[in-house]
Amino acid sequence: MKDYTLPPPQRVSSVDAYRGFVMFLMMAEVLRFGKVADAFPESTFWAFLDFHQSHVPWIGCSLHDLIQPSFSFLVGVALPYSMASRASKQQSTSVMWYHTIRRSLILILLGIFLRSMHANQTNFTFEDTLTQIGLGYPILFALGFGSEKIQWGAFVSILFLYGLAFALYPLPGPYFDWSETGITADWEHNLKGFAAHWNKNTNFAWAFDRWFMNLFPREKAFHFNGGGYSTLSFITTLGTMILGLIAGQWLKSSTSPMLLIKRLVVTSAILFVVALVLHFAGVNPIVKRIWTPAWTLFSGGWCFLLLATFYFLVDVLQKKSLFIPLIVIGTNSIAAYIIAHTIDSFIDQSFRINISPNYDLILGDPYRTLVSGATILLFEWLILHWMYKKKIFIKI
């Protein structure tokens, strides 16, 4: 097979394209395929799109479930480049640590702020993508100075200890109060046997949050998270970021693109196999909402595979021009994240006031969310495109 030789670039376009793809999936929530699927209950096409724009109830994976792990993975991919850039500017280790701690705090506080926008008081919650990354980022940065062997060792240790904590936490007994969990004992997604240690709101992370979340001022006491999400997921999210860190180091040091792609694909296959064995053996289920070790491995397999795909298409085949719409989003991912969480309703209301109150009915009632969503997406992208052209990039 023909090999390609490319010098390691300072900014890899495929990483920006992959990040843009992930952010686009998040921004595209405004299309609300579920509403269209409800209007056409017999349509397998809209049901398929609805499934992949929604999170699975507990076990398994949809395309939408890969947004957060991909975003976390790409934070790790970018770190070797960031550290090299700072080192080239003769920054001392203490200055680099200052930037790291500051970035961590900003991510945590920004996540809390975005979750508190429509609340009567600050909503102290730590399962948001930004807060999860912020909590683990200083540890990721410290590992960036270590060898790959140390990084793999940390990855395995994190998954093992996290899984052990869940396994040792007692299962609900006969007098367990299920009203404290938001589900019932016969909830259809409850697991049996050893895998029950990872059931929704009866696990180790849930018990931790029942103490930790009530340390903060709240309108009422915290009993459970309705989606089953937890603060402690940041630990295994860190595992996902470590996978990204390793992939980023391979990417940065590679001089043979095809060998790099083989390495990424083989690693992906190994992660998939181990995850599926753990899952089907009943040792550890693939559950995104509490970021089980098997989920870290399974989603990590997808992240390596997606990175290899984008790298091959964008950088090896040099099809960057085809991916410019995604690169525009990916180079300003923080701005895209904030825009998607703040101005979507403003754009919609502006159209209703200045164009027509029913502008979204142009294709009929069943498709109104597609029209309003596409309008919002277009204007959000135009804002990001303007920032891209003006070289305005929001960095933390």
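For a label point 7 Å from the Cα of ILE396 along Cα→C-beta, name the residues of the range 87-118 whose backbone N is under 17 Å from it.
Correct set: 97-117.
Run the numbers for HIS189 and PHE222: contour at 0.36 nm per residue of separation, minus the present Cα-Cα distance, in nm.
9.6 nm
Can you list, bin by bin at 10 Å, the percent of alpha carbon pairs in the range 356-396, starting at 0?
Spelled out bin by bin, the range 356-396 gives 28, 34, 21, 16, 1 percent.
Mind checking which aspartates and glutamates have their Cα closer than 14 Å to the Cα of LYS320? Skip sequence neighbours fewer than 8 apart in that chain.
Of all the aspartates and glutamates, those that pass the test against LYS320 - Cα under 14 Å, at least 8 places apart if same chain - are ASP16.
Just want to confirm a number: the relative contact order over the chain, from Cα pairs under 8 angstrom separated by 6+ residues, in percent.
Value for the chain: 28 percent.
Mind jotting down the three principal axis lengths of the chain based on Cα atoms? Whole angstrom, largest first.
Here the spans come out as 64, 59, 44 Å, largest first.
Using every pair of alpha-carbon atoms in the range 131-212, split the distances into 5 Å bins beginning at 0 and state the percent of pairs per bin, rounded to integers.
The distribution over the range 131-212 is 3, 12, 18, 19, 14, 12, 10, 6, 4, 1, given as percents.
Say each of GLN90 and PHE45 gets a label point 7 Å from the Cα, pointing the same way as Cα to Cβ; how far apart are those two points in nm?
6.2
Can you pull the three principal axis extents for the Cα set of the range 68-176, in Å, largest first?
61, 42, 24
For ALA207, put the label point 7 Å out on the Cα→Cβ axis and report which residues of the range 218-258 keep their amide N under 15 Å from it.
Answer for the range 218-258: 232.
Along the principal axes of its C-alpha atoms, what lengths does the range 315-385 span, in descending order and rounded to whole Å?
Extents along the principal axes, in whole Å: 47, 24, 17.
Rounded to whole Å and ordered largest first, report the semi-axes of the equivalent ellipsoid of the range 22-97 derived from its Cα gyration tensor (root of 5λ).
For the range 22-97, the semi-axes come out at 41, 12, 8 Å.
Count the net charge of all other residues whose Cβ sits under 11 Å from the Cβ of ALA78, scoring Lys and Arg as +1 and Asp and Glu as -1.
+3
If the cut-off is a Cα-Cα distance under 16 Å, which aspartates and glutamates reach LYS200, setting aside same-chain residues fewer than 8 apart in sequence?
Partners found: GLU127, ASP177, GLU180, ASP186, GLU188, ASP209.
Give me the number: length gained by fully extending ALA119 to HIS99, i.e. 0.36 nm times residue separation minus the C-alpha to C-alpha distance, one decimal in nm. Before the final figure, lay out each step's value.
Numbers: separation 20, 0.36 × 20 = 7.20 nm, distance 3.03 nm.
Result for the pair: 4.2 nm of gain on full extension.
Straight-line reach from LYS262: which aspartates and glutamates have Cα under 17 Å away, leaving out those fewer than 8 places along the same chain?
ASP3, ASP315
Using only Cα atoms, what Kirkwood radius does the range 170-265 have, in angstroms?
With all distinct Cα pairs of the range 170-265 included, I get 16.5 Å.
Take the cross-link list LYS89/LYS390; LYS35/LYS390; LYS35/LYS252; LYS252/LYS288 and give me the ones stretching past 32 Å between alpha-carbons.
Where the Cα-Cα span goes over 32 Å, the pairs concerned are LYS35/LYS390; LYS35/LYS252.
For the range 43-115 and the range 143-212, what is the separation of their C-alpha centers, rounded to whole Å?
Here the answer is 22 Å between Cα centres.
Throughout, read-outs are computed from the coordinates displayed, never taken from laboratory work. Source: prediction; values computed, not measured. In this analysis, Cβ positions are derived from the backbone assuming ideal geometry, glycine residues included, and neighbour counts consider all displayed protein chains.
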